[in-house]
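Here's the structure, in structure tokens; my notes come after.
The values are calculated or read from the model by the stated rules, or taken from the named source; none is laboratory data. In this text the structure is predicted, and so the values were computed from the model without any measurement. Please note: Cβ atoms are built from the backbone with ideal geometry, for glycine as well, and neighbour counts cover all protein chains shown. What goes into the accessible areas is simple: the full protein's heavy atoms, side chains included, and nothing from ligands, DNA or RNA. Shrake-Rupley method; radii C 1.70, N 1.55, O 1.52, S 1.80 Å.
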Amino acid sequence: MEKHKDQEDLNLNQEHSQTPSEATENLEFKNRIPLEDLRKSVASLKAELAKVIVGQHEFIELLIVALLTDGHVLIEGVPGIAKTVTAKLFAKTLNTAFSRIQFTPDLMPSDVLGTSVLNMKTSDFEFKHGPIFSNIILIDEINRAPAKTQAALFEVMEERQITIDGHKYELEKPFMVLATQNPIEQEGTYALPEAQLDRFLFKIKVEYPDLEDEILILKSQNARKGSQLEVVNAILSPEKLQEYRDQTRQVLVEEKILNYIASITVKSRTHPHLYLGGSPRASLAIMNSAKAFAAINGRDFVTPEDVKRAVTPVLRHRVILSPEREMEGMTPETVIEMLVQSVEVPR
């Protein structure tokens, strides 16, 4: 009996003498959702892109978060900073169909969605699928096409279906739109309507690389002999991606975090510097993005930091500055930062 008690004391002492790292491992082990496989896949995906893309860590992470939350991404940046290349390589890491559409001023909705063509043999009209019928769609220079062509994307981006001539055509999963635009050149461009902007989960602003990254870009391009696309391999299958999306949806969001998200969005609608605030769709986008940020960091619960990381890319294209603040040169990002600072962080 005494020997048994000594053994119990020994076990108790061993539990208390764990190192901090061991304690952390045990905490991770007790996750309700098995996220280790997801974390490894995300790390592998980043490693594949790093073979070609230098820097741009936030850009790549936001693309992965959008993929896990089944959202579309608007990518904005000046020409020549690898927006299109990154989007193409990102699509290459997924073992799915890929389609690239170059938007031009003379592009018609039927050039994107498809059209009905008369079959002379059967005397019936047959629907010919357009390039939008794919999994990952890269729309280059989205603001080059006129409003009627941009409006053709409303239904497909929101409902993952197309209705033509009274027939509904479902698109295969996954379906993700990566659209690029140049903020500098305004001649021959058409501003995206608010309804379309609201359908993008994120607007990612891609900046110039710093000196160190610029040197690395030159070195890697100078040393490379083959094509960029040949270097990158597929990491994720559609089945695995759907499994990771299901896991991401199960990440826990406490009520105080939900209140925090709602407070930020609601306050944006009454902020004195903003003419237009975030919609309920913005609140949902922040919540779902925060879940994905938590999942790729191996946590099955959302923290206020996850919410803060999601707020700017979710809101920057949804809010409109008041005319006075816009004339003063204030940016949406500045106001969003002020907004987040004004809302109390839950403890």
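Cross-link pairs exceeding 29 Å in C-alpha to C-alpha distance, out of K83/K225; K173/K267; K240/K267; K83/K240; K92/K291; K173/K291, comprise K173/K267; K240/K267.
With no solvent and one point per C-alpha, what does the Debye sum give as log10 I(q)/I(0) for the range 95-212 at q = 0.10, 0.18, 0.22 Å⁻¹? Taken in order of the listed q values, log10 I(q)/I(0) reads -0.35, -0.99, -1.35. Within the same chain, aspartates and glutamates fewer than 8 places from K51 are excluded, and of the rest, those with a Cα less than 19 Å from its Cα are E61, D210, E212, D213, E214, E230.
Considering only DSSP states other than H, G, I, E and B, which GluC sites (Glu not before Pro) in the range 98-181 qualify as loop sites with at most 15 other Cβ atoms within 10 Å? Loop-located and lightly packed - E172. Where in the range 240-282 is the amide nitrogen less than 13 Å from a point lying 7 Å along the Cα-to-Cβ axis of S322? Within reach of a label on S322, which here means backbone N under 13 Å from a point 7 Å along Cα→Cβ, the range 240-282 contributes 269-277. At 1.4 Å probe radius, can you tell me the per residue accessible area of the chain in Å²? I get 54 Å² per residue for this part.
Ellipticity at 222 nm from helices only: DSSP H runs of n ≥ 4 in the chain, each -39500 (n - 2.57), divided by the residue count, give -14500 deg cm²/dmol. Distance between the modelled labels on S220 and A50, one decimal in nanometres: 1.0 nm (7 Å Cα→Cβ projection). The fraction of accessible area contributed by carbon and sulfur in the chain is 54 percent, rounded to a whole number (1.4 Å probe; ligands and nucleic acids excluded).
Result for the chain in a Gaussian network model with C-alpha springs under 10 Å: among A47, A145, A223, the largest mean-square fluctuation is at A223. Taking 19 Å as the straight-line reach from the Cα of K168, the aspartates and glutamates in range (excluding those fewer than 8 positions away in the same chain) are D111, D124, E126, E155, E158, E159.
Using all pairs of distinct alpha-carbon atoms, the Kirkwood hydrodynamic radius of the chain works out to 22.6 angstrom.
When the surface is traced with a 1.4 Å probe over the full set of protein chains, Y260 keeps roughly 10 Å² accessible. May I ask for log10 I(q)/I(0) of the range 205-347 at q = 0.17 Å⁻¹, from a Debye sum over the Cα atoms as equal point scatterers with solvent left out? The Debye formula, applied to the Cα set alone, gives -0.97.
Rounding to the nearest 10 and keeping the result within 0 to 90°, find how far the Cα-based axis of helix 332-342 lies from the longest principal axis of the chain. Its long axis makes an angle of about 30 degrees. Inter-label distance, V345 to Y169: 4.9 nm, where each label sits 7 Å from its Cα along the C-beta direction.
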